[in-house]
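The values are calculated or read from the model by the stated rules, or taken from the named source; none is laboratory data. The structure presented is a predicted model; accordingly, all values stated were derived computationally and were not measured. Cβ atoms come from the backbone with ideal geometry, glycine included; neighbour counts cover every protein chain shown. We work out accessible area using only protein heavy atoms, side chains counted, and drop any ligands, DNA or RNA first. Shrake-Rupley method; radii C 1.70, N 1.55, O 1.52, S 1.80 Å.
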There are 2 protein chains.
Amino acid sequence: MRIAVLGLGLIGGSIGMAARRRAGVPVRGYDPDPAAGARALELGAVDELADALPAAVAGTDVVFVAAPVGALPGAVASALAAAGPDCVVTDVGSTKRAIAQAGADERFIGGHPLAGAESAGVEHARPDLFEGATWYLTPAEGNTAGVLYERLHRLLGTLGARPVAIDAETHDRVMASVSHLPHVLANLLVAQAAGRLGGEESGRLPAVGPSFRDATRVAGSNTAIWTDIYRSNAGALLDAIGELETGLQHVREWLGADDAEAIAGWNDRAREQREALLGQALAGGPVHELRVSVPNRPGVVADIALALGRAGVNIADLALAPSRDYTQGVVSLWIGGEEESAHAARLVAALGFPVVQAS
Amino acid sequence: MRIAVLGLGLIGGSIGMAARRRAGVPVRGYDPDPAAGARALELGAVDELADALPAAVAGTDVVFVAAPVGALPGAVASALAAAGPDCVVTDVGSTKRAIAQAGADERFIGGHPLAGAESAGVEHARPDLFEGATWYLTPAEGNTAGVLYERLHRLLGTLGARPVAIDAETHDRVMASVSHLPHVLANLLVAQAAGRLGGEESGRLPAVGPSFRDATRVAGSNTAIWTDIYRSNAGALLDAIGELETGLQHVREWLGADDAEAIAGWNDRAREQREALLGQALAGGPVHELRVSVPNRPGVVADIALALGRAGVNIADLALAPSRDYTQGVVSLWIGGEEESAHAARLVAALGFPVVQAS
């Protein structure tokens, strides 16, 4: 087997490294930016570089198109044109419906690895990027060649990923809710806060409480990437916005009517839903949140993380909620599993920090 | 000077501890729940307990009403009725307009310490809870007695806080945007995700990406507290919702028209606004974000936090963005100041983890 990787950034570079080191498969790479290609070669992400896309694809069995979402339709079409009749072509884009139309060919299978969205560039590439990560595949019903699907599925497994088949529409609809809409709201929240804080009150108001910081962490994420994502998933995102607007309308009504019971019930449901969703996301059972009151001096997080690390307790998620000037605060720790969580609470308490299990 | 604290939870208990230990002022406490009162006495939050609110207030110079937001108007009125002509009464509620009306008395000054919202109960109380924390005071223009304002202001400084005067309306308007609206959106986002994931797709979709987890961290926060906050700030929250809806309408239009330029410009502005807001919030200059690629095994966070802690670099904020099953991920570190941030990046790189400065 030989594979081609078109686009040598974080994802493409990591595919190349994983394929070479974990699957022992030779990798030919291509990137329209020669400097990116050279860097990928230097870092061992590819065995050889091609000068052009068709030359990279020629004679390979699997082609990964790891271009930005906006450039994907063109790159996938070019790859299909250059690929042989027994070659499978896949992509790694964050939305899947648009590309499914562009790649309407029995040799094309859409893909989306849930990894690496937080940083960019081949410098961050590594062979274990996909270890344990879900990798969505969106084969076209009744159109994808079975032998090609099997080849891709097995290769992804060798890279460490867990391939999961899903239809493109469901994929995009869920991503609109759990990823794209939160990004839109983060942008709108900072705009609103900036508008209210930028005037006469500037400098004497708390720009950011913990809830604001968390809610806006992804505000203004990489513009090139996200403009493409928003545009390519516009339909599903518009639906998600519409559903949110309906929810806002309910909140408006409850506030207008001062309906304490409706507000309380809605808030209780949200807590249950979040716990259920978090639980779903972890194979090891529901995640529990521990809240620890700490002085926010250098070393405190280290003390806690060390104590848990030494005992083999993994911190699934962690957040600091410091006071405005970060002199003290609360550390939230999310630990998977009932026993692990109780163990973690005892370890933290033994360090002398007050701790409660919040969920 | 003698003070009374009415309501002995996290905030009331911490006020008592700080007043006793830092200001050397005797503290009389009252809580409608006798068990909470007994626990506060045991923990050293008060010198003595009163059986009833008027008995707690009698003969004191400063009264802190630390009741839940919904119970504040009644408790403040009772405190004012029991207080002498030279006694200042203040509260610690998260919204300030409603209580300003209830406490329309020259002896009343609204207050809101920005501390301790993340955990509840006197068990978490500590004398340094307010160290360095902004403590808003909302004196009524032309109505608050100067001598009482001065007394309260100086006492709060002794407790470690930074008292800042602000008009109640501005306070509530800003809080609606930076705190209450993010809580509303967190609830709506989990409801939407639960609806889309709870059906047939359940279990085969990623419930939570990092952006979703961050955006919904405060979903379903303490219902008793938050129902009161939403209701008491309904007007400002409705305004904030309205402004958000206008923003959503713009996003709808750009998506509908596939206006790449408008989307990109909006996203770029959001990044600049978030950086400006984060910078505003830290006295030590703008906060920089470092992104570190790490294997998400026990001990990694500890290694990083330790290395920074040893070098005296404080982590202002920290977030893990693990893959779905938490086998690897990216750690975002927010560090205040240009030099500190560069120093931190060098320390992290020396541990062998790839690191980039994202902002």
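Put +1 on the Cβ of each Lys and Arg and -1 on the Cβ of each Asp and Glu in region A:1-131; which of A:Ala120, A:Ala82, A:Ala19 then has its Cα farthest toward the positive end of the dipole? Selected residue: A:Ala19.
The charge dipole of chain A, taken about its Cα centre with unit charges on the Cβ of Lys, Arg, Asp and Glu (plus for the first two, minus for the last two), comes to roughly 780 debye.
Working note: Karplus 6.51/-1.76/1.60 with θ = phi - 60° gives region A:222-234 the couplings 2, 4, 4, 5, 6, 4, 4, 4, 4, 5, 6, 10, 4 Hz, where Gly and Pro are set to x. Solvent-accessible area of the protein assembly as shown (1.4 angstrom probe, protein heavy atoms only): carbon and sulfur portion equals 52 percent. Across peptide B:232-242, the mean count of Cβ atoms from other chains lying within 10 Å of each residue's own Cβ comes to 3.
In region B:165-186, comparing the full protein assembly with the chain on its own, the residues that lose 40 Å² or more of accessible surface at a 1.4 Å probe are B:Arg173, B:Val174, B:Ser177, B:Val178, B:Pro182, B:Leu185. Label point of A:Ala52 (7 Å along Cα→beta-carbon): distances to the other copies' equivalent points are 9.5 nm, sorted ascending. Label point of B:Ala350 (7 Å along Cα→beta-carbon): distances to the other copies' equivalent points are 3.0 nm, sorted ascending. Around the amide H of B:Ala133, modelled in the peptide plane, lie the amide H atoms of B:Arg162, all under 5 Å away and 5 or more residues distant in sequence or on another chain. In the distance distribution for region B:34-173, Cα-Cα pairs more than 18 Å apart total 56 percent.
At q = 0.07, 0.09, 0.12, 0.14 Å⁻¹, what log₁₀ I(q)/I(0) does chain B have when each alpha carbon counts as one equal point scatterer in the Debye sum? Per q value, in the given order, log10 I(q)/I(0) is -0.39, -0.64, -1.04, -1.24. Entry note, the protein assembly as shown: the mean residue ellipticity at 222 nm calculated from DSSP H runs of n ≥ 4, each adding -39500 (n - 2.57), is -14500 deg cm²/dmol after division by the residues and rounding to the nearest 500.
Solvent-accessible area per residue in the protein assembly as shown equals 35 Å², computed with a 1.4 angstrom probe and all protein chains kept.
The contact between chain B and chain A removes approximately 12200 Å² from the accessible area (both sides summed; 1.4 Å probe; ligands, DNA and RNA excluded).
Between copies, the label points of A:Glu141, set 7 Å from Cα on the Cα→Cβ line, lie 6.5 nm apart, reported in increasing order to one decimal in nanometres.
Note on A:349-356: average number of Cβ atoms from other chains within 10 Å of each residue's Cβ is 2.
Between B:Trp254, B:Trp135, B:Trp334, find the one with the highest GNM mean-square fluctuation for chain B; connect C-alpha pairs within less than 10 Å. Maximum fluctuation in the GNM of chain B, among the listed residues, is at B:Trp254.
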